[in-house]
Amino acid sequence: MTIKLEMLRVFCTVAEQGNLAGAAEVLNRTPSAVSMTLAQLADEIGAPLFETERKSRLSPLGQLVFDESSRATDAFDRCVDAIRRHAASQAGTVRVAAVPSAVFTILPEVIARFRKHRPDVRLEISDVDSKSVRRRIMLDEADIGIVSTESDDHSDGIVIMQDELGIVCRSDGQIAWQVALGETPAWGLLQLEDLITNPLCGLVAHPVVAQAIRACNLEARNTTALLSFVRAGLGASILPRSAMDGDKDDLAFVVPTDPRACRDLKKISRINRGFSPAVSAFWEALGCFQNTSD
């Protein structure tokens, strides 16, 4: 008998539950059937996987087998999930993970154009922060990612949109008031209000911004949360112009040029991973957005 995937799955469930009865309930099997499968796995490996008969503590070898088994079953489950997704749509599925600003600014146009030529392709869109986008690409939970450059971002990718950064503040706040009186838009205006930091703040090379980041005690990564905090009078923040799309009459957007600061939106994919025809077509559609935005 050889080691089978189902043996590894049963073993992992027992290790996670800490006893045969709990694992049997999760697996919808009898405790005796679970015990027999564990015995077969132990025979194949040639050494005990648990410290005691109660299955409550793994042996050193058991811990190694558990780690490897978890990776193997997770990989198998992702493979089965991919097969089912593609089976559900003969033309295939494209999974896109993107930062929220890209969902609002880039994807509506790209999706509308893409669906005119490929209406049979299933599109799955999720909006998460840049770190989560990269994680999903690495774990093969997304085919294409759209990330926002941050101060520590040195990853590869293809720029599809550049967006200027500015100060977002209340339209009745000190910063907006000074600009209305004729003050030159400058990053130094952040001295007038508390800074609500986010990862994009690090893209601004100005001493006042650097000082404000160090002194800040409020940080948020979600654009909706940042705008809500600004509206509540908790301070000002730094965001791209695209974040101001829509009805935001209670907010002001000030664009300093000392220096001008921008962030890039980049499309990324898993290195050395072949594209399906559907994914390849959507990747090219994102490139068309870059051309029309220049």
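Numbers below:
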quantity	calculated
Enumeration of residues in segment 31-58 that are surrounded by 12 or more Cβ atoms within 10 Å (Cβ to Cβ), hydroxyl-bearing (Ser, Thr, Tyr) and at pLDDT 90 or above	Ser35, Thr37
Subset tally (residues that are in a loop (DSSP other than H, G, I, E, B), at pLDDT below 90 and hydroxyl-bearing (Ser, Thr, Tyr)) for segment 253-294	1
Qualifying residue in segment 166-187 (condition: closer than 30 Å to Phe282 by Cα, within 25 Å of the chain's Cα centre (by Cα), not hydrophobic (A, V, I, L, M, F, W, C) and not in a helix (DSSP H, G or I))	no
Extreme residue, nearest to Ala205 (Cα to Cα), among residues of segment 218-252 that are assigned to a loop (DSSP other than H, G, I, E, B) and among the basic types (Lys, Arg)	Arg221
Residue in segment 214-232 that is free of Cβ contacts under 8 Å to residues at least 24 places away in the same chain, in contact with a strand residue (DSSP E or B) (Cβ under 9 Å, 6 or more places away or on another chain) and either on the phi > 0 side of the Ramachandran plot or surrounded by 14 or more Cβ atoms within 10 Å (Cβ to Cβ) (or both) present	yes
Some residue of segment 230-240 being within 29 Å of Val94 (Cα to Cα) and of a type in the set (Val, Ile, Thr)	no
Selection within segment 195-253 - more than 16 Å from Ser171 (Cα to Cα) and among the acidic types (Asp, Glu)	Glu219
Tally, over segment 238-270, of residues that are among the small types (Gly, Ala, Ser) and either out of contact with any helix residue (DSSP H, G or I) (no Cβ under 8 Å at 6 or more places or on another chain) or under 22 Å from Ser132 (Cα atoms) (or both)	4
Qualifying residue in segment 193-209 (condition: within 18 Å of Asp250 (Cβ to Cβ), outside the structural domain of Ser132 (by TED's automatic domain parsing) and either without any contact (Cβ under 8 Å) to a residue 24 or more places away in the chain or crowded, with 19+ Cβ neighbours inside 10 Å (or both))	yes
Residues of segment 33-80 classified as touching a Pro at 6+ places or on another chain (Cβ under 7 Å) and in a helix (DSSP H, G or I), total	1
Residue count for segment 177-191, restricted to those that are in contact with a strand residue (DSSP E or B) (Cβ under 8 Å, 6 or more places away or on another chain) and not β-branched (Val, Ile, Thr)	4
From Val65, Val110, Val103, residue being farther than 30 Å from Val14 by Cα, modelled with pLDDT of 90 or more and hydrophobic (A, V, I, L, M, F, W, C)	Val110
Lone qualifier among Leu239, Leu226, Leu265, Leu203 - being under 30 Å from Arg136 (Cα atoms) and touching a Gly at 6+ places or on another chain (Cβ under 8 Å)	Leu239
Matching residues in segment 124-137 - criterion: being surrounded by fewer than 17 Cβ atoms within 10 Å (Cβ to Cβ) and at pLDDT 90 or above	Glu124, Ile125, Ser126, Arg135
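The values are calculated or read from the model by the stated rules, or taken from the named source; none is laboratory data. The shown structure was predicted, so the numbers you read here are calculated from the model rather than taken from an experiment. As a convention, Cβ positions derive from the backbone with ideal geometry for all residues, glycine included, and neighbour counts pool all protein chains shown.
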